[in-house]
Amino acid sequence: MYRVWNFLVSYSLLLIGGSVIALIWANIDAKSYHHFVEFVIWDHAPIGHLHDGHRTLTLHYLVNDVLMALFFAIAAKEVWEAIILENGSLRGKKAATPLFATAGGMFGPIAVYLGLAMILGSETYDAVANGWAIPTATDIAFSYLVGRMVFGSGHPAVRFLLLLAIADDAAGLIILAIFYPSGDLAPEWLLLSFGASLAVFLAFNALPRKMDSGNQDRPNSTWVRKYLGFWPYVLGGCISWYGFMRSGLHPALGLLPIVPAIPHADRAFGIFSEAEQYLTDLLNVMEHALKHPVEIVLFFFGLCNAGVEFSSIGDATWLVLAGLIIGKPVGILIFGWVAAVPLRLGIPEGMRIIDLVVIGFVAAIGFTVALFVASVAFDAGPVQDAAKMGALFSFGAAILSIIAGKVFRVEKQSL
C-alpha cells in the first residue's frame, strides 16, 4: 500500500486536488468560479482566444492551450521511444495484441457512444456527435495505478495495460490533431513548426554527432550539451508551438514536432520506472526536469476544467460513461481475442483471455485526456459540461475494475 500511495502522490494527487476544488467551487458559487477561469491576463495579446478581431490571453487558455503542451510533450516522448527504439515496447510481435486491443478500446467506445446517441434521436445525436472521441481516452497514470492495485505489480497484464495506454495516447494525439482543430486551418504555418524542429535537429543534434564520428571523446556533442544544453530546443519548441497555434491545429500539441529532434538514449525503461532517472540523455533529463512543473500544470488543469455543476448532468454524461464502461471492455475483449486466438498472435505468458475484460474496465478511466477532449469537442455550455461530468464520473471504472478482478478471480502477482 505504501508503494501505491507513493505513486499516487507522485503522479496524481495535485490533479485530483485541483479537480475536487473546482467541483466544490462551481457547485457553491458558479459565477465566481467561471469569472476566475476566464480571467483576462492580457488583452490584445499575441496569443490567445480570438475575441472581436484580437487575441485575448485568459487563464483557461494559458492552462489548456499553452501549459498543457508540456503534458502532451511528455506523453509524446513515451510514444516516440516506444516506436523508434530498437527494443521499443510498441515494436515487434510483442506489441501486436496490445495494438489490436487498443483499436478495440477505441472503436468499441465510439460505436457505443454514437449508437446510443442515434437511439436517443436525431436532435440528441446532432448535439453530442462531435464528442465521439471523448470515451476513447485512457488516463495512463490513473489506469496504471488501478491496474497495479487489481493485478499486482508483477502481473503481465500491467505491462499489457501500459502498452495499450501508450498506444492509446498516440492515437489520441492523432485524433486531436486531425479532428479537433482550434480554428480555421492554415496548414502553411506547420512549415514553421517542422522547420524549427528540423533546424534544431540538424544544428544541435545531427551535426555535432557527425563531426564526432570516430572520436569516442565526442568533443563537439559535449560542447553543445555543456554550453547550450536544452535552450536550443526550448527556442525551437516556442517557435513550433506558435506555428501550431497559427495553423489552426490545437496548440497544446505544438511541442510534438520538437520531441524527435532532442538527443535520446538507445533504450528506455518506461514512464513509471525508477530506472528512468538514471538515464542521462537530454530527452530524459528534460522530461525529469518537467515532472514537477507538469504536476502543477495538472493541478491548474483540474481546477480550470473540472468545475461542473451537478445539475448539468445530461445525455452526454451517460453517453461518455457508456462508451467508457461498456465500449472499452467489450472492444478490448473482442479485438484482443481476435489477435490472440484466430490470428495466433498470442497474449503474454501468465495472462488469460478473460483478463482482457478487467483490463478494459481499468482502461475505461478516461479522466485527464477525456476531460481535455470534452473541452475542445464542444463549445462552452450545457453539452460540454455534461460531457465533462461523464469524464469525471469515469473514476467509477476503478471500482468496476476491482469488482471485475474479484469476479474473474484475478490472482495478484508481485515483483
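The values are calculated or read from the model by the stated rules, or taken from the named source; none is laboratory data. Everything numeric here is computed off the predicted structure, so don't read it as measured data. Cβ coordinates were reconstructed from backbone atoms using ideal geometry, including for glycine residues, and neighbour counts include every protein chain displayed.
Go through segment 301-323 and count every residue that is of a type in the set (A, V, I, L, M), over 20 Å from the mean Cα position of the chain (by Cα) and part of a loop (DSSP other than H, G, I, E, B).
The total comes to 2.
For Ile365, only one of the following conditions fails: (1) part of a helix (DSSP H, G or I); (2) touching an Asp or Glu at 6+ places or on another chain (Cβ under 6 Å). What is its number?
Failing condition for Ile365: (1).
Which ones in segment 75-96 are basic (Lys, Arg) and at pLDDT below 80?
Selection gives Arg91, Lys93, Lys94.
Among the residues in segment 373-380, are any at pLDDT below 95, within 24 Å of Leu99 (Cα to Cα), surrounded by fewer than 24 Cβ atoms within 10 Å (Cβ to Cβ) and in contact with a helix residue (DSSP H, G or I) (Cβ under 6 Å, 6 or more places away or on another chain)?
no
Could you list, ordered by first residue, the pairs with Cβ atoms under 9 Å in which the first is in segment 182-199 and closer than 25 Å to Pro263 by Cα and among the aliphatic types (A, V, I, L, M) and the second is surrounded by fewer than 17 Cβ atoms within 10 Å (Cβ to Cβ) and at pLDDT 95 or above, at least 6 apart or interchain?
Listed pairs, sorted by first residue: Ala196/Leu235; Ala196/Cys238.
Determine whether Glu287 is at pLDDT below 95 and within 23 Å of Lys412 (Cβ to Cβ).
So Glu287 fails the test.
Name the single residue, out of those in segment 124-143 being assigned to a helix (DSSP H, G or I) and surrounded by fewer than 24 Cβ atoms within 10 Å (Cβ to Cβ), that is modelled with the lowest pLDDT.
Across segment 124-143, the extreme among qualifying residues is Ala141.
From the list Ala95, Ala117, Ala101, Ala111, which residue is more than 23 Å from the chain's Cα centre (by Cα), over 20 Å from Leu255 (Cβ atoms) and surrounded by 16 or more Cβ atoms within 10 Å (Cβ to Cβ)?
It is Ala117.
Restricting to segment 159-170, and then to whatever is hydrophobic (A, V, I, L, M, F, W, C) and at pLDDT below 90, can you tell me which residue is nearest to Ala364 (Cα to Cα)?
Residue satisfying both the conditions and the ranking: Ala165.
From the list Ala387, Ala380, Ala391, which one is free of Cβ contacts under 8 Å to residues at least 60 places away in the same chain and under 23 Å from Val20 (Cβ atoms)?
Only one candidate qualifies: Ala380.
Take segment 120-156 and flag every residue that is of a type outside the set (Gly, Ala, Ser) and under 17 Å from the mean Cα position of the chain (by Cα).
Those that are of a type outside the set (Gly, Ala, Ser) and under 17 Å from the mean Cα position of the chain (by Cα): Trp132, Ile134, Pro135, Thr136, Thr138, Asp139, Ile140, Phe142, Tyr144, Leu145, Val146.
List the strands (runs of 3 or more DSSP E) inside segment 9-74, counting only whole elements, that have at least 2 residues being under 17 Å from Tyr242 (Cβ atoms) and free of Cβ contacts under 8 Å to residues at least 40 places away in the same chain.
Of the strands (runs of 3 or more DSSP E) lying wholly inside segment 9-74, those with at least 2 residues that are under 17 Å from Tyr242 (Cβ atoms) and free of Cβ contacts under 8 Å to residues at least 40 places away in the same chain span 54-58.
If you check every pair at least six apart or on different chains, which have Cβ atoms under 8 Å apart with a residue in segment 128-154 that is closer than 14 Å to Ser12 by Cβ and among the aliphatic types (A, V, I, L, M) first and a residue that is modelled with pLDDT of 90 or more and in a loop (DSSP other than H, G, I, E, B) second?
Val146/Ile365
Taking the stated definitions as given, is Trp231 loosely packed, with under 15 Cβ neighbours inside 10 Å and at pLDDT 90 or above?
So Trp231 fits the description; yes.
Return the residues of segment 230-260 that are β-branched (Val, Ile, Thr), assigned to a helix (DSSP H, G or I) and touching a helix residue (DSSP H, G or I) at 6+ places or on another chain (Cβ under 7 Å); say none if nothing qualifies.
The answer is Ile239, Val259.
Against the conditions (1) touching a Gly at 6+ places or on another chain (Cβ under 8 Å); (2) within 21 Å of Ala22 (Cβ to Cβ); (3) small (Gly, Ala, Ser), where does Gly336 fall short? Just the number, please.
It is condition (2) that Gly336 fails.
Being under 18 Å from the mean Cα position of the chain (by Cα) and either among the basic types (Lys, Arg) or surrounded by fewer than 24 Cβ atoms within 10 Å (Cβ to Cβ) (or both) is the requirement here; does Arg159 meet it?
Yes, satisfied.
Of the residues Leu62, Leu116, Leu70, which is modelled with pLDDT of 90 or more and touching a strand residue (DSSP E or B) at 6+ places or on another chain (Cβ under 7 Å)?
On inspection, the qualifying residue turns out to be Leu62.
Right, Ile334: farther than 30 Å from Pro382 by Cβ and in contact with a helix residue (DSSP H, G or I) (Cβ under 6 Å, 6 or more places away or on another chain) or not?
yes
Can you confirm whether segment 177-195 contains a residue that is more than 14 Å from the chain's Cα centre (by Cα), among the hydroxyl-bearing types (Ser, Thr, Tyr) and part of a helix (DSSP H, G or I)?
yes
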